[in-house]
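Written out below as structure tokens is the structure these notes cover.
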Amino acid sequence: MSVPESFHYIHLPCGEYTEISGAEFESVANPLSGIQTTLCAHCGEQDDVAEFCWEGWEETIADYYARLLAQVPERERERAGRPGMLQYLIMGGVGGFAAGVFVGLILGRLGPIAAIVGGLIAVLLLTSIGVLMGFLHFEKNVVAPVVKKYWNVDDVRLLVES
């Protein structure tokens with residue numbers, strides 16, 4: 001089965017379709033993402049996911065989330081959901097920050113200006129890289145195994161076609 005690149009959902013109050021693709025599609029399709037609202041491209045309303053359903057479905061996106069999340073033990077939901085992601089982002093950021101401070105200390109041998117400027121640049125750059133690495137690690141090593149184990153798909157976008 002090929003992974004859909006886009007899909008439509010219907011905003012129930014206005015009855016119109018919105019095409020969703022890319023990272024937004026992946027996020028809304030993933031019950032672990034913690035998405036609570038989404039946007040109707042037709043009327044412009046940011047509404048609760050209980051007010052939307054996937055094209056061809058009678059079940060709302062909120063009910064879709066509830067049905068799929070009921071298959072995942074609570075501990076796994078917390079670990080692979082937003083609370084777990086936040087932990088990985090913080091760990092990556094703290095690691096990057098510490099590495100940046102270390103670089104600043106090493107640059108201190110060149111003088112105080114080099115330490116301050118170089119350290120600041122290193123802290124900003126390495127903290128950003130650390131957060132990104134934390135997120136990538138989280139997606140690959142925490143979320144993906146949960147998705148495979150409980151929903152038997154390699155990509156959450158496949159869930160909207162089943």
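None of the figures in this text is laboratory data; all of them are computed from the coordinates on show. Quantities reported herein were computed from a predicted structural model and do not represent experimental measurements. Methodologically, a virtual Cβ is constructed for each residue, glycine included, from the backbone with ideal geometry; neighbour enumeration extends over all protein chains shown.
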With θ taken as phi - 60° and the coefficients 6.51, -1.76 and 1.60, list the Karplus ³J(HN,Hα) couplings across region 39-49 in order, rounded to whole Hz; mark glycine and proline as x. 10, 9, 5, 6, 9, x, 7, 8, 10, 4, 5
Of P112, L68, Y150, which is farthest on the positive side of the dipole of the chain, counting Cα position, with +1 on Lys and Arg Cβ, -1 on Asp and Glu Cβ, and the Cα centre as origin? P112
Could you give the longest part of the chain that holds none of the GluC sites (Glu not before Pro) found in DSSP loops with at most 16 neighbouring Cβ atoms within 10 Å? 60-162
Using the alpha-carbon atoms, what tilt in degrees (0 to 90, nearest 10) does helix 82-107 show relative to the longest principal axis of the chain? 20 degrees
Choice from A41, A50, A114 showing the highest fluctuation, given a GNM over the chain with Cα pairs closer than 10 Å: A114
Note on region 80-162: alpha-carbon gyration tensor, axes a ≥ b ≥ c; rule is a/c under 1.5 for rounded, else prolate if a/b larger than b/c, else oblate; result prolate
So what's the gap between the Cα centers of region 87-121 and region 10-79, to the nearest angstrom? 40 Å
For the chain, how big is the tail of P(r) above 29 Å, as a whole percent of Cα pairs? 36 percent
How big is the charge dipole of the chain about its Cα centre, in debye rounded to the nearest 20, if each Lys and Arg gets +1 on its Cβ and each Asp and Glu gets -1 on its Cβ? 1300 debye
Along the Cα-to-Cβ line of V101, 7 Å from the Cα, sits a label point; which residues in region 107-125 have backbone N less than 14 Å from it? 119-120, 123-124
